[in-house]
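For reference, the structure is listed below as structure tokens.
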Amino acid sequence: MKVEFKELRKVHKEIKDFLENASGVNVKGLNTKIAEDLGLWGDDNYYLLDEFVTKHNLNFDKFDYSKHFESEGELFNGNEVLIGLLTLPFWIIARIIKWIFPKVRTPFESSFLPMKNERADLTFGDLIVCQLKGEFCLRKNTMIEI
């Protein structure tokens, strides 16, 4: 696929701003993942993608959401919630210790219920390629010539 540098730069900035506004997190590079790095899980990434596809009038017929993201209902199962509630007091104590002694490592430094995306996720670079091609396509499957 042949693209002018001016167009690539415009699309890069547009999508970067879009993702940063949606997530409140800085996009650090093309490999920044929507769910894992930006924290857009479940309905958050679903609505983000819906807005992205609609805004840019993209063909996402070949996109299988379940290959890339967990739905809202899949994210929280009863066992994880129960474990999270049982460990909540320890997590709070660990956060207080971390606040008082910032250099001390605690066993509960990750989030209360750590999210792990077992699926492929989509990256900032994937969204750039999708917009440039006008349809769903992964960056790893695309050769861009400037």
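Taking 0.36 nm per residue of sequence separation and removing the Cα-Cα distance, the Glu4/Leu88 pair yields an extension gain of 25.0 nm.
Which FRET efficiency, nearest 0.05, do Arg119 and Glu145 yield, Cβ-Cβ r, R0 35 Å? Intermediate values should be presented prior to the final figure.
Values: r = 30 Å, r/R0 = 0.86.
That pair, Arg119 with Glu145, gives E of 0.70.
The length gained by stretching the chain between Phe101 and Lys133 to full extension, at 0.36 nm per residue less their Cα-Cα distance, is 6.5 nm. Amide H to amide H, with H built 1.01 Å from N, Leu138 comes under 5 Å of no residue 5 or more places away or on another chain.
Only the coordinates and a few stated rules stand behind these numbers; no lab work does. The model shown is predicted, which means the values in this text are computed figures rather than measured ones. Neighbour counts are summed over all protein chains in view; Cβ atoms, including those assigned to glycine, are modelled from backbone coordinates with ideal geometry.
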